[in-house]
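Participant: This is the structure, below, for whatever I ask next.
The values are calculated or read from the model by the stated rules, or taken from the named source; none is laboratory data. Since the structure is predicted, the reported quantities are computational estimates derived from the model, not experimental observations. In this analysis, Cβ positions are derived from the backbone assuming ideal geometry, glycine residues included, and neighbour counts consider all displayed protein chains. Protein only, heavy atoms only, side chains kept; ligands, DNA and RNA dropped before computing areas. Shrake-Rupley method; radii C 1.70, N 1.55, O 1.52, S 1.80 Å.
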Amino acid sequence: DQQVKQNSPSLSVQEGRISILNCDYTNSMFDYFLWYKKYPAEGPTFLISISSIKDKNEDGRFTVFLNKSAKHLSLHIVPSQPGDSAVYFCAASAWANFGNEKLTFGTGTRLTIIP
Amino acid sequence: EAQVTQNPRYLITVTGKKLTVTCSQNMNHEYMSWYRQDPGLGLRQIYYSMNVEVTDKGDVPEGYKVSRKEKRNFPLILESPSPNQTSLYFCASSLSGGQGPDTQYFGPGTRLTVL
């Protein structure tokens with residue numbers, strides 16, 4: 001049972017345009033959401049996060065939006081740059097309910113930025 | 001440099017031959033975790049540890065063992081590897097006890113092939 005879903009395995013975007021990556025979740029106990037970025041032959045690295053008490057969090061070119069009623073979050077990258085080409089994983093935590101660091105990951109979306 | 005290291009990075013072995021993948025972190029993190037990444041399934045947690053001598057099962061623990069005798073080390077043990085354990089393995093660590101889940105830092109990964 002996939003509790004965190006990324007329905008687009010891949011996405012191609014022109015350099016300079018906006019990239020939008022989507023993530024859906026089913027477990028209403030999740031209260032904290034994160035995005036990780038992964039380059040080939042490296043481990044994932046943290047990108048940005050959002051608590052369920054917010055609906056938006058911004059960090060430079062990266063913005064994460066959370067729609068709790070729809071159980072949906074999205075990552076916006078603007079403007080997209082060639083270095084953004086990577087696999088992006090959405091992850092969720094039920095931290096407030098269980099008090100531990102467990103993350104449930106989605107299946108990932110491979111983003112390719114076309115120069 | 002703050003990091004999580006894993007060894008070996010690549011391993012080809014045969015069914016039934018016991019193996020250990022080591023993981024070490026130099027950030028004095030309490031929480032450590034093992035994940036496996038498989039195509040179409042994303043990252044799935046195998047085992048985790050909240051602190052020394054405290055370990056627990058993740059989502060896919062069958063066929064694996066772990067130990068946490070020291071804070072910095074968290075080895076993954078496959079007593080009798082089988083071909084369905086062919087995968088890309090990641091170790092991760094984070095602080096715990098904050099106001100939300102802390103950023104998990106990942107190792108570079110170990111690609112295991114079981115023939």
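Participant: Within region B:30-40, is there a residue that is open to solvent by 10 Å² or more (accessible area, probe 1.4 Å) and under 10 Å from the mean Cα position of the chain (by Cα)?
Facilitator: Filtering region B:30-40 for residues open to solvent by 10 Å² or more (accessible area, probe 1.4 Å) gives B:30, B:36-40.
Subsequent filtering for residues that are under 10 Å from the mean Cα position of the chain (by Cα) retains B:36.
Yes, region B:30-40 contains at least one residue that is open to solvent by 10 Å² or more (accessible area, probe 1.4 Å) and under 10 Å from the mean Cα position of the chain (by Cα).
Participant: Here is a follow-up. Out of region B:92-113, which residues are modelled with pLDDT under 75 and open to solvent by less than 30 Å² (accessible area, probe 1.4 Å)?
Facilitator: So in region B:92-113, the residues modelled with pLDDT under 75 come out as B:96-101.
Hits for region B:92-113 are B:GLY98, B:GLY100, B:PRO101.
Per-residue answers, yes or no, for (1) facing chain B (nearest Cβ under 8 Å); (2) in a loop (DSSP other than H, G, I, E, B); (3) modelled with pLDDT under 95:
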{"residue": "A:SER28", "(1), (2), (3)": "no, yes, yes"}
{"residue": "A:PRO40", "(1), (2), (3)": "no, yes, yes"}
{"residue": "A:ILE53", "(1), (2), (3)": "no, yes, yes"}
{"residue": "A:PHE65", "(1), (2), (3)": "no, no, no"}
{"residue": "A:LEU73", "(1), (2), (3)": "no, no, no"}
{"residue": "A:HIS76", "(1), (2), (3)": "no, no, no"}
{"residue": "A:GLY83", "(1), (2), (3)": "no, no, no"}
{"residue": "A:LYS102", "(1), (2), (3)": "yes, yes, yes"}
{"residue": "A:ARG110", "(1), (2), (3)": "no, no, no"}
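Participant: Test A:SER93 against the criterion of being surrounded by 20 or more Cβ atoms within 10 Å (Cβ to Cβ) and of a type in the set (S, T, N, Q), and give yes or no. Outline the logic, then answer.
Facilitator: Values: surrounded by 20 or more Cβ atoms within 10 Å (Cβ to Cβ): yes; of a type in the set (S, T, N, Q): yes.
When the stated conditions are applied, A:SER93 passes them.
Participant: Additional query: Among the numbered criteria (1) of a type in the set (S, T, N, Q); (2) closer than 21 Å to A:GLN3 by Cβ; (3) touching a residue at least 24 places away in the same chain (Cβ under 8 Å); (4) open to solvent by 70 Å² or more (accessible area, probe 1.4 Å), which one does A:GLN81 miss?
Facilitator: (2)
Participant: Could you pull out the residue among B:TYR89, B:TYR48 that is surrounded by 20 or more Cβ atoms within 10 Å (Cβ to Cβ) and at pLDDT below 95? Give the steps one after another, and end with the answer.
Facilitator: Numbers: B:TYR89 fails: at pLDDT below 95.
Exactly one residue qualifies, and that residue is B:TYR48.
Participant: Consider region A:31-67. How many of its residues are of a type outside the set (S, T, N, Q), under 18 Å from B:SER33 (Cα atoms) and without any contact (Cβ under 8 Å) to a residue 12 or more places away in the chain?
Facilitator: Counting residues in region A:31-67 that are of a type outside the set (S, T, N, Q), under 18 Å from B:SER33 (Cα atoms) and without any contact (Cβ under 8 Å) to a residue 12 or more places away in the chain gives 2.
Participant: Out of all the residues in region A:1-51, which are of a type in the set (Val, Ile, Thr) and farther than 19 Å from A:ARG61 by Cα?
Facilitator: Going through region A:1-51, the residues of a type in the set (Val, Ile, Thr) turn out to be A:4, A:13, A:18, A:20, A:26, A:45, A:48, A:50.
Hits for region A:1-51 are A:VAL4, A:THR26.
Participant: Would you check if there is a residue in region A:61-70 being over 15 Å from the mean Cα position of the chain (by Cα) and open to solvent by 70 Å² or more (accessible area, probe 1.4 Å)? If you could, list the steps in order and put the result at the bottom.
Facilitator: Of the residues in region A:61-70, the ones over 15 Å from the mean Cα position of the chain (by Cα) are A:69-70.
Now drop any that are not open to solvent by 70 Å² or more (accessible area, probe 1.4 Å), which leaves A:69.
Yes, some residue in region A:61-70 is over 15 Å from the mean Cα position of the chain (by Cα) and open to solvent by 70 Å² or more (accessible area, probe 1.4 Å).
Participant: Looking at region B:67-78, can you tell me whether even one residue there is open to solvent by less than 10 Å² (accessible area, probe 1.4 Å), of a type in the set (Phe, Trp, Tyr) and under 14 Å from the mean Cα position of the chain (by Cα)? Explain how you work it out, then say what you get.
Facilitator: Taking region B:67-78 and keeping what is open to solvent by less than 10 Å² (accessible area, probe 1.4 Å), we get B:68, B:74, B:76, B:78.
So of that shortlist, the ones also of a type in the set (Phe, Trp, Tyr) come out as B:74.
So of that shortlist, the ones also under 14 Å from the mean Cα position of the chain (by Cα) come out as B:74.
Yes, because at least one residue in region B:67-78 is open to solvent by less than 10 Å² (accessible area, probe 1.4 Å), of a type in the set (Phe, Trp, Tyr) and under 14 Å from the mean Cα position of the chain (by Cα).
Participant: I've got another one for you. Here are some conditions: (1) more than 11 Å from chain B (Cβ to nearest Cβ); (2) open to solvent by 50 Å² or more (accessible area, probe 1.4 Å); (3) assigned to a strand (DSSP E or B). A:TRP35 meets all but one. Which one does it not meet?
Facilitator: (2) is the only condition that A:TRP35 fails.
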